Amino acid sequence: MSHKGRSGIAGKRRAQAPVFAALGDETRLSLVAKLSVGRPCSISRLTGGSKLTRQAITKHLRVLERAGIVHAVRAGRERLFEFDPQPIEAIQTYLDLVSEQWDQALARLKSFVED
Amino acid sequence: MTDRIEKHIELAAPVSRVWRALTDYREFGEWFRVKLDGPFVPGQVSRGPITHPGYEHVIWEAVIQRMEPERLFSFTWHPYSVDAKTDYSKETPTLVEFKLEKTAGGTLVLLTESGFDKIPSERRLEAFRRNDGGWTEQMKNIESHVAQRP
């Protein structure tokens, strides 16, 4: 896994970023689901087919942006939002690592008490 | 997305034996690989150097939470706090719970570690970076160590 090009500012912002919290919302999860499979989307596109207002969607996108999960990019006069898998991958990797440690510790506990 | 780790393992040993292995600080230290300074007391800090090969410079520290004999043992800690330069004390710790259940063959251990949503994501990333490559090697060391001392 490469993390090249993660600048100081992005890194610092991410240091505060509550990625779990950002994902702990149905609307935001559905936005992430939409963005993660396709190309960058405009707010209008993301609002289409949703019962929520443009303002509500914008607010949710801002939460995702702060967590580093989506980035806004300019395409002419339009602002598009694109998905960045890195924060979510980092969490998963971390949890996998802690999980692996527990597997090892529990295996040692097993041989310790069964001997 | 989950903020917890859940494990279960069945041990061919009576609950009382497993309870002792979990809550006697010397026995805990044996299998967990840490040299603790004294008995576990709820509400108090337990501390000592890790005895994992390669991690001897790391001080393990936890706050013992609950000790309900032969049923529940829990502590809070900062998982993966292996970098001496980072002050982990400002971070919200995760909660580790061991629940024991008697089974026909011995004891079922249910392990839960929860509260990962409170850990700064940058550190999660760094924990990975630091161990990228090195971790697999470390695991092999641990395995061979266990094989030597079953």
**Prompt:** Using modelled amide H (1.01 Å from N, peptide plane; none on Pro or chain starts), what sits under 5 Å from the amide H of B:Trp60, excluding residues fewer than 5 places away?
**Reply:** B:Gly48, B:Ile50
**Fill in**
Scalar couplings 3J(HN,Hα) for the range B:97-105 by Karplus 6.51 cos²θ - 1.76 cosθ + 1.60 (θ = phi - 60°), nearest whole Hz, x for Gly and Pro, are 10, 10, 10, 10, 9, 6, 10, 4, x
**Calculated from backbone phi, Karplus (6.51, -1.76, 1.60) coupling profile of the range A:50-67 in Hz, x at Gly/Pro** = 10, 7, 7, 7, 4, 4, 5, 4, 4, 4, 5, 4, 5, 4, 5, 5, 4, 7
**Message:** Just to confirm a number: summing +1 for Lys and Arg and -1 for Asp and Glu over residues other than B:Lys35 whose beta-carbon lies under 14 angstrom from that of B:Lys35, what do you get?
**Reply:** -3
**Prompt:** Excluding A:Pro40 itself, what net charge comes from residues whose Cβ is under 15 Å from its Cβ, given Lys and Arg +1 and Asp and Glu -1?
**Reply:** +2
**Asked** Can you sort B:Ile59, A:Ile43 by how many other beta carbons sit within 10 Å, fewest first?
**Response** B:Ile59, A:Ile43
**Prompt:** Taking H as built 1.01 Å from N, whose amide H comes closer than 5 Å to the amide H of B:Val34, not counting residues under 5 places away?
**Reply:** B:Thr51
**Request:** Report, as an integer, the average count of C-beta atoms from other chains found within 10 Å of each Cβ along A:85-98.
**Result:** 6
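Each value in this text was obtained by applying a stated rule to the coordinates, not by laboratory testing. Fair warning: this is a prediction, and the values are worked out from it, not measured in the lab. We place every Cβ from the backbone using ideal geometry, glycine too, and count neighbours over all the protein chains shown.
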